[in-house]
1. Restricting to DSSP H runs of at least four residues, report the calculated mean residue ellipticity at 222 nm for the chain, -39500 (n - 2.57) per run over all residues, nearest 500 deg cm²/dmol.
2. Given the options GLY73, GLY107, GLY117, state which has the largest fluctuation in a GNM of the chain using a 10 Å cut-off (strictly under) for Cα springs.
3. If exposed GluC sites (Glu not before Pro) are those in a DSSP loop with at most 12 other Cβ within 10 Å, what is the longest stretch of the chain that has none?
4. Most mobile of PRO149, PRO61, PRO34 per a Gaussian network model of the chain (Cα springs, under 10 Å)?
5. Over the chain, what relative contact order in percent results from Cα pairs under 8 Å that are six or more residues apart?
6. Under DSSP H, which helices of the chain have Cα atoms covering 20 Å or more of the helix axis and a Kyte-Doolittle average no less than -0.5?
7. Name the most mobile residue of GLN142, GLN29, GLN109, meaning the one with the largest mean-square fluctuation, in a Gaussian network model of the chain with Cα contacts below 10 Å.
8. How about LYS71: which aspartates and glutamates have a C-alpha closer than 18 Å to its C-alpha, ignoring those fewer than 8 places off in the same chain?
Amino acid sequence: MSFGMAMKPGHYRSYMEALNRLDSIARAQKTRLPRVCAEEHRDDLVKAILTQRYKGSNTYPEYSDAYAKWKKGMLGSVGKFWVLFGDLLHSLTAINRGAGGSRWFAGIQEGAMDSGGKQYSRPPGRRGPEKSIPMYAGVNEQSRPLFDPARTDFANNQWATHLHDAFAALARSWRR
């Protein structure tokens, strides 16, 4: 048994052009969508730190008396959560870890070091040695979650919006 189909040359050309547009949009979205999402998530993290508004932040424990005293001695006030000298805040970035630009994430580059001074067993004014920013961010995350709730919120909200927009771009590209 054989199957055949006849198509007018103009229709065939229109379908092939539409398929090529779909292919082009899909290839562009493969790199664009992860990058845009990583950049937006990084911006959300920065905004959360600057505004001191995090998911679950009302449950953050207060600083220990020793740390509050040390931080006040270093900065002149106890200051904000997740902020001391700004090293962590300035190290937040959108990072591409994949071939072809398809594996992006927001976070702290591996190996990022702070400017020193995060050792509150030292007297105020005496800075400690440099420390790994990912290491102390992980320690802070245990008692004052920032990264996990922000990631969950992004996945449940903005990710769906970006995915919808990507599919809408594909739908708009299909025309005969």
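A short reminder: the numbers here are calculations on the coordinates, not readings from a lab. Keep in mind that this is a model prediction, so the values were computed, not measured. All Cβ positions, even for glycine, are placed from backbone atoms using ideal geometry, and neighbour counts span all protein chains on display.
1. Details: 6 runs with 96 residues, N = 176.
The per-residue figure over the chain is -18000 deg cm²/dmol.
2. Ranking GLY73, GLY107, GLY117 by mean-square fluctuation puts GLY73 first.
3. Values: sites that count: GLU62, GLU110.
Longest run free of exposed loop sites: 111-176.
4. Its mean-square fluctuation being the largest, the pick is PRO61.
5. Working: 185 pairs, mean separation 52.0, N = 176.
It comes to 30 percent, rounded to a whole number.
6. On the way: long enough: 9-51 (60 Å, -0.67); 158-173 (23 Å, -0.06).
Answer set is 158-173.
7. GLN142
8. GLU62, ASP87, ASP114, GLU130
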